[in-house]
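What follows draws every value from the coordinates through simple rules; no lab data is involved. Note that the structure is predicted; figures quoted are calculated from it, not measured. When we count neighbours, we look across all protein chains shown, and the Cβ atoms used for this are built from the backbone with ideal geometry, even at glycine.
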Amino acid sequence: MNVAILGCGYVGIELGRQLASRGHEPIGVRRSGEGLERIEAAGFDGIRADVTDR
């Protein structure tokens, strides 16, 4: 299952790690580019986006 995790901080990264280990495909979304390395180090993809942009 594809899952988007908005606001991928401490809890979101752990959630993504658990989902990825169970065969799901999480994508972590961050407003800033900072932290994308932590998302990818946790074993899933991360993107920079602001969900409030129109």
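Summary of values
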quantity: Qualifying residue in the stretch 27-38 (condition: loosely packed, with under 12 Cβ neighbours inside 10 Å and either in contact (Cβ under 8 Å) with a residue 60 or more places away in the chain or touching a His at 6+ places or on another chain (Cβ under 7 Å) (or both)); calculated: no
quantity: Hits in the stretch 1-26 (condition: touching a residue at least 12 places away in the same chain (Cβ under 8 Å), outside any helix (DSSP H, G or I) and of a type outside the set (Val, Ile, Thr)); calculated: Met1, Asn2, Ala4, Leu6, Gly7, Cys8, Gly9, His24, Glu25, Pro26
quantity: Residue in the stretch 10-19 that is among the β-branched types (Val, Ile, Thr) and loosely packed, with under 13 Cβ neighbours inside 10 Å present; calculated: yes
